[in-house]
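Notes for the one structure printed next.
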Amino acid sequence: MIWNKNKECMSRDEMHHLQSKRLQKLVALVYRNVPFYREKMQAMDIDPADIQDIDDIVKLPFTTKQDLRDNYPCGLQAAAQSEIVRVHASSGTTGNPTIVGYTRRDIEIWAEGMARALTAYGVRRGDTFSVSYGYGLFTGGLGAHYGVERIGAAVVPASTGNTEKHLKLIKDLGVAGIACTPSYALYLAETMERLGIKKEDLNLRIGAFGAEPWTNKMREQIQERLGLKGYNLYGLSEICGPGVSYECEAQHGSHICEDHFYPEIINPETLEALPIGETGELVFTTLTKEGMPLLRYRTRDLCYLMDGVCECGRSSVRMGPVMGRSDDMLIIRGINVFPSQVESVILSMQEFEPQYMIVVDRKGNLDSMQVQVEVRKSAFSDDIGQMFELRKKLADKLKSVISIKADVKLMEPGSIERSQGKSKHVIDHRTLK
């Protein structure tokens, strides 16, 4: 099923025309109402009249998260305050948070994107669906919530925490689907196993997972342990939250709502546009947003784009899986290391739980990297020699993938702190000195 065939299956010529018209309107709006963009464009000798086609987008300035922080709290807002009906804020760890104001139409567009996603996953009117993203300033909870209601399904606003009660509701209400982070889905599976609840006892068939990177190995584990089919859901607070892109039943990339969010891939160092299929940094322009529209926002997510009509019938451009971030990449002894690389190795070995922590430090002038990982109960042993061999096996495999030696520390089952929200897998002590 497709929620909005008119837009999701639009021909490329029609989409190009629609995007061009909307970009012209957007540029005129921010030039008129946002001093930051007006000054940027004037400095580049660009006038709104210079933007006649979506291909002209390369003439426009980029926007970064630092720009949002520098214009805190509402310096990039384009709508009058009387038109703002919702405010969200990022959970940034440094500097000012990013404040995002939404008009009523922005909320409608957000709900539309989530309705497209949920329909692609197979959620239907009459289903009961649990939203287990955090509610509040974080965009996940309310974003998914409005989408469930838009398609006419019943929403259970479970949020995070009180997992045992949540499982009781999933079982007793016959919940068909759940939206949460992949790490919370694994925590849910662990809790089920601890309580003796079998996946056959539940009615779960759909999982909408996002807000953090996850791998196919993690997808396989979640699906096996919860008895559902897991789909990728992508969004970010600055653009609109969940519903920017979504997988369909074909699961060959995530369809972008490109009538609202225009995607580009750039080289993060040269800022030059990259062709379809080449990996680089994902950039979005919010073509229809009123509250805080953004020109060429650098997401820092690394992925690639795919075109062509999908076997599901949708014609929208798709994005591949996020393979890391250009700003959370670890540089250790001159080597670029992504946490996702470490995760892929751990998930490829049956002896380990998908629970790990990367601890980076600097001793003298030399960087060190420790990987703490939980050993499964079935593989844990009091035999020191056996544990030494397991530790060496993981260390050797990590080195073959990331090209540097990591100190592996084996942890007892359940010893690494679980996250019921967005998981944290890296502690970099070098930034604290």
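Do you know which of the residues in region 165-187 that are at pLDDT 95 or above and part of a helix (DSSP H, G or I) is farthest from Arg124 (Cα to Cα)?
Lys165
Is region 330-350 home to any residue that is surrounded by 15 or more Cβ atoms within 10 Å (Cβ to Cβ) and within 17 Å of Thr64 (Cα to Cα)? Full working, then the answer.
Restricting attention to region 330-350, the residues satisfying the condition of being surrounded by 15 or more Cβ atoms within 10 Å (Cβ to Cβ) are 330, 332, 337-347, 349.
Then keep just the ones that are within 17 Å of Thr64 (Cα to Cα); that gives none.
Looking for residues that are surrounded by 15 or more Cβ atoms within 10 Å (Cβ to Cβ) and within 17 Å of Thr64 (Cα to Cα), one finds none in region 330-350, hence no.
Select from region 208-222 the residues that are modelled with pLDDT of 90 or more and open to solvent by less than 40 Å² (accessible area, probe 1.4 Å) and write down the one among them that is nearest to Lys422 (Cα to Cα).
Here the residue is Gly210.
How many of the residues making up region 297-325 are of a type in the set (D, E, K, R), buried (at least 19 other Cβ atoms within 10 Å of the Cβ) and modelled with pLDDT of 95 or more?
Qualifying residue count for the region: 3.
If Glu220 satisfies all but one of (1) within 19 Å of the chain's Cα centre (by Cα); (2) acidic (Asp, Glu); (3) within 29 Å of Gly101 (Cα to Cα), what's the number of the condition it fails?
(3)
Is it the case that some residue within region 350-361 is assigned to a loop (DSSP other than H, G, I, E, B), within 25 Å of the chain's Cα centre (by Cα) and at pLDDT below 95?
No: zero hits.
Are there any pairs, at least 6 apart or on different chains, whose C-beta atoms fall under 9 Å, with the first in region 406-433 and modelled with pLDDT of 90 or more and the second surrounded by fewer than 13 Cβ atoms within 10 Å (Cβ to Cβ) and assigned to a helix (DSSP H, G or I), and if so, which?
What qualifies is Val408/Lys392.
Going through Arg205, Arg194 one at a time, which residue ends up being free of Cβ contacts under 8 Å to residues at least 12 places away in the same chain and either surrounded by fewer than 19 Cβ atoms within 10 Å (Cβ to Cβ) or touching a Phe, Trp or Tyr at 6+ places or on another chain (Cβ under 7 Å) (or both)?
Criteria check complete, one pass: Arg194.
Has region 244-263 got any residue that is among the acidic types (Asp, Glu), touching a residue at least 12 places away in the same chain (Cβ under 8 Å), outside any strand (DSSP E or B) and in contact with a Phe, Trp or Tyr (Cβ under 6 Å, 6 or more places away or on another chain)? Steps first, answer last, please.
As a first pass, look at region 244-263 and keep what is among the acidic types (Asp, Glu): 247, 249, 258-259.
From what is left, the residues that are touching a residue at least 12 places away in the same chain (Cβ under 8 Å) are 247, 249, 258-259.
Within this subset, residues satisfying the condition of being outside any strand (DSSP E or B) are 247, 249, 258-259.
Now restrict to residues that are in contact with a Phe, Trp or Tyr (Cβ under 6 Å, 6 or more places away or on another chain): 247.
Yes: region 244-263 contains one or more residues that are among the acidic types (Asp, Glu), touching a residue at least 12 places away in the same chain (Cβ under 8 Å), outside any strand (DSSP E or B) and in contact with a Phe, Trp or Tyr (Cβ under 6 Å, 6 or more places away or on another chain).
Hey, among the residues in region 12-65 that are of a type in the set (S, T, N, Q) and farther than 13 Å from Leu287 by Cα, which one's least open to solvent (accessible area, probe 1.4 Å)? First the steps, then the outcome.
Pass one, region 12-65, residues of a type in the set (S, T, N, Q): 19-20, 24, 33, 42, 52, 63-64.
After this cut, where a residue has to be farther than 13 Å from Leu287 by Cα as well, the list is 33, 42, 52, 63-64.
On the way: Asn33: 61, Gln42: 107, Gln52: 109, Thr63: 0, Thr64: 34 Å².
My answer is Thr63.
Give region 262-286 a look and list any residue that's open to solvent by 10 Å² or more (accessible area, probe 1.4 Å) and among the hydrophobic types (A, V, I, L, M, F, W, C), or say none.
Scanning region 262-286 gives Leu271, Ala273, Leu274, Ile276.
For region 121-132, name all the residues that are open to solvent by 10 Å² or more (accessible area, probe 1.4 Å) and either at pLDDT below 95 or part of a loop (DSSP other than H, G, I, E, B) (or both).
Scanning region 121-132 gives Gly122, Arg124, Arg125, Gly126, Asp127.
The values are calculated or read from the model by the stated rules, or taken from the named source; none is laboratory data. Remember, it's a predicted structure, so these values are computed and weren't measured experimentally. Cβ coordinates were reconstructed from backbone atoms using ideal geometry, including for glycine residues, and neighbour counts include every protein chain displayed. To get the accessible areas, we keep the full protein, side chains included, count just its heavy atoms, and leave off ligands, DNA and RNA. Shrake-Rupley method; radii C 1.70, N 1.55, O 1.52, S 1.80 Å.
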